[in-house]
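The values are calculated or read from the model by the stated rules, or taken from the named source; none is laboratory data. The shown structure was predicted, so the numbers you read here are calculated from the model rather than taken from an experiment. All Cβ positions, glycine included, derive from the backbone under ideal geometry; neighbour counts span all protein chains shown.
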Amino acid sequence: MLLFKLLGIEFDFKPLVEEVQGWWSGLLGMLPNMVLAFLVAMIGYIVTSFLKKYFDKLSRKLVRDKTIASLMSTMMTVGVSLLFLLLILSVLNLSGAVSSILGAAGVVGLAVGLAFQDPILNFFSGIQLTVRHLFRLGDLIEVDGYRGTVMKITLRHTAIETFQGQDVMIPNKIMVQSALTNYSTLKRRRVDLACGVSYGDDLAKVKEVTIKAIKDNVLHDAERGVQLFFNEFGGSSVNYSLRFWMDKNKTSQGDFLQVQSDAIMAIMTAYNENDIMIPFPIRTLDFGIRGGEKLSAMLAQSNSANGREVVGNS
């Protein structure tokens, strides 16, 4: 009997010994699984180390930004490590622990997702922007009513400098979800001008003079030429649309405004030299009670009435 007597008190160690024997038996029974789990852990370490180098190269090819590339590589490596960890727990017959971990992770993930919905959405939108290469630093873009030059791209927002010198930070989810115009991608930009000439002018001459004024005085893409289309009989003028493309090497907003200004000045000068009129809006004033009477007739009637009144008084 496993009894021990001290100071008249007997201690029975049989339950303790039986418990230790049960632990030892369980340990011996789990020994093959533990050895297999150790082997799986070693293989996982080797595989993860190899994949980490591959993920680094793959991330650098997909993403220009070094910070985002490193983050993507780390996330993929952690994902592989978690898979091996779950495999090790399964080998150790800890399926209950695996289920508990997965359930707890799902609950925590849902709570975090709901609490930080916008930051998380902006974060993954930033990664998507970097992977898709929609724009880069220095590009002229327009999104959500803002137009300016891209100054900074982070995981949460994109900063652009507007033409008025304002720094606007736009959340990345807006950059992904909204319509985005990139004026720098295709390296070309067209200038559209709308104008009108008098009904008394020769339209063929107007077209010839206008196109020549642009070709001779405005820097543009000569390969694409200059186009003019008459498109409307206006209230006081025949209206047209003038189109030409900017030079390929000058497509910034400043260049656009300068070319547009040069075009307006060249057209005005050419029209003055060729006696072509851009008419003002004409408004007709009707002075008669019944309508349709000219101002001269009204003045004549008024003077006649005044003359009769003077004669009668005298």
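Here are a few things to note about the model shown:
- The number of residues in the range 212-242 that are touching a helix residue (DSSP H, G or I) at 6+ places or on another chain (Cβ under 9 Å) and among the basic types (Lys, Arg) comes to 1.
- Scanning the range 196-221 for residues that are over 23 Å from Leu257 (Cβ atoms) and of a type in the set (A, V, I, L, M, F, W, C), we see that the one that is surrounded by the fewest Cβ atoms within 10 Å (Cβ to Cβ) is Ala204.
- Counting only residues that are within 25 Å of Ile264 (Cβ to Cβ) and either loosely packed, with under 12 Cβ neighbours inside 10 Å or in contact with a Ser or Thr (Cβ under 6 Å, 6 or more places away or on another chain) (or both), the range 143-164 holds 2 of them.
- Per-region count, the range 180-214, residues farther than 29 Å from Gln253 by Cα and among the small types (Gly, Ala, Ser): 3
- Residue in the range 259-281 that is surrounded by fewer than 11 Cβ atoms within 10 Å (Cβ to Cβ), modelled with pLDDT of 65 or more and among the charged types (D, E, K, R) present: yes
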